[in-house]
Amino acid sequence: MTPVPSMKNKNGSNKKPSLGPSGGDSLGDPLSAQIKKEGRYGPLQDLVFSNNDSWVKRYRQLVCGDTGNGFLLKFELITGLAGGLPGAVGFALRKYLYKYIIKQMGDRVIFGRNISIGHPQKIHIGNNCLIADNCELNASGEDGKIIIGNNVTIGRSAFIRTKGGQIVIGDNSAIGARSVLVTRNTDIIIEKNHMMGAFVYIGTGSHQYEITDIPMNRQEYIAKSVEIEEDVWIGIRATILPGSRIRTGSVIGACSLVTGEIGPYQVVAGTPAKKIRSRGRNHIG
């Protein structure tokens, strides 16, 4: 969301509008008092700094979730041994060993070097997939899950992370290099036959920002799912904001900003993205 600019009073000078029922800057609701009293941290900070568990348990929760120390040891040995190995030996070892840490992994899955994997017991990968060098796959959160279909390519240095909720990538799809898919407490659904350019951002989260006497990063987190139907092409450096829905067969132009629903078979571009034309020719013969 884009913050509302400061409004001008009758004299033309800038003045913040009164947000609270009493005329102050605060909204005057119980949330304000609660945050002031208790503070609010993100899930990562809560896990790492805000409890008295042993460092081993906190580390295990951070990288593997609710698994035993035996699984943590296996995870560390496999990723430490094979994760950074170059060449054919590295490809072969990762293909063979990673199936022992990932929840579900199909046939002929190729992992590049230096892939960061978090909460692997919540990751499902289909057949004939390629995950290129330096990617991150992290399925943290109580209900976190990453589901990758068959014949999927994840481009170099792509970042795919959930902090609760699902990220689903359908069959025969490609995620662009250095693209970011990130969600918390809701879902990103990408259906089959998807094309994506490099540096695309898809996110589901925003923050309440109206309370002026509390930092915005401590205010209410707002989650809205993103749905991308089948046979969609998203161009390089496009941004897909929370709550967006892109219907079947649409094309999103490079550097576009999608903020809502895009109809089926539309070609759109711009900030915000607007319809340029419709696709309208069927293949004959």
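The values are calculated or read from the model by the stated rules, or taken from the named source; none is laboratory data. All values reported here derive from a predicted model rather than from experimental measurement. Please note: Cβ atoms are built from the backbone with ideal geometry, for glycine as well, and neighbour counts cover all protein chains shown.
Condition first: free of Cβ contacts under 8 Å to residues at least 40 places away in the same chain and within 13 Å of the chain's Cα centre (by Cα). Can you find one or more residues in the stretch 213-224 that meet it? Yes: one or more hits. Would it be correct to say that T212 is more than 18 Å from I188 (Cα to Cα) and out of contact with any strand residue (DSSP E or B) (no Cβ under 7 Å at 6 or more places or on another chain)? It is true that T212 is more than 18 Å from I188 (Cα to Cα) and out of contact with any strand residue (DSSP E or B) (no Cβ under 7 Å at 6 or more places or on another chain).
The criterion of at least 2 residues that are of a type in the set (V, I, T) and out of contact with any helix residue (DSSP H, G or I) (no Cβ under 8 Å at 6 or more places or on another chain) is met by the following strands (runs of 3 or more DSSP E) wholly inside the stretch 95-146: 123-125.
Does H207 count as out of contact with any His (no Cβ under 9 Å at 6 or more places or on another chain) and either farther than 30 Å from Q61 by Cβ or acidic (D, E) (or both)? For H207, the condition - out of contact with any His (no Cβ under 9 Å at 6 or more places or on another chain) and either farther than 30 Å from Q61 by Cβ or acidic (D, E) (or both) - is not met. Among the residues of the stretch 111-154, just one is under 16 Å from V180 (Cβ atoms), of a type in the set (S, T, Y) and modelled with pLDDT of 95 or more, namely S116. Where residues in the stretch 213-245 are within 18 Å of I167 (Cβ to Cβ) and aliphatic (A, V, I, L, M), which of them is surrounded by the fewest Cβ atoms within 10 Å (Cβ to Cβ)? Residue satisfying both the conditions and the ranking: A223. Among residues of the stretch 200-212 being surrounded by 20 or more Cβ atoms within 10 Å (Cβ to Cβ) and not polar (S, T, N, Q), the one that is nearest to I148 (Cα to Cα) is I202.
A search for C-beta distances below 9 Å between a residue of the stretch 67-90 that is farther than 13 Å from F111 by Cβ and any residue that is among the polar types (S, T, N, Q) and at pLDDT 95 or above, counting only pairs 6+ apart in sequence or on different chains, returns T67/Q121; F71/Q121.
The residues on offer are G270, G249, G260, G280, and the sole one that is closer than 20 Å to L181 by Cα and not aliphatic (A, V, I, L, M) is G260. Taken together, I236, I276 contain a single residue that is out of contact with any Ser or Thr (no Cβ under 9 Å at 6 or more places or on another chain), among the hydrophobic types (A, V, I, L, M, F, W, C) and in a loop (DSSP other than H, G, I, E, B), which is I236. Of a type outside the set (D, E, K, R), modelled with pLDDT under 95, part of a loop (DSSP other than H, G, I, E, B) and more than 20 Å from K103 (Cβ to Cβ): which single residue out of N185, N193, N172 fits that description? Result of the check over N185, N193, N172: N185. A single member of L77, L81, L72, L85 is at pLDDT 90 or above and not in a helix (DSSP H, G or I), and it is L85. May I ask you to say which residue of I240, I214, I222 is among the hydrophobic types (A, V, I, L, M, F, W, C) and in contact with a helix residue (DSSP H, G or I) (Cβ under 6 Å, 6 or more places away or on another chain)? Result: I214 is the single residue among I240, I214, I222 that is among the hydrophobic types (A, V, I, L, M, F, W, C) and in contact with a helix residue (DSSP H, G or I) (Cβ under 6 Å, 6 or more places away or on another chain). Being at pLDDT below 95, within 26 Å of R218 (Cβ to Cβ) and touching a Leu at 6+ places or on another chain (Cβ under 7 Å) is a property that L47 has.
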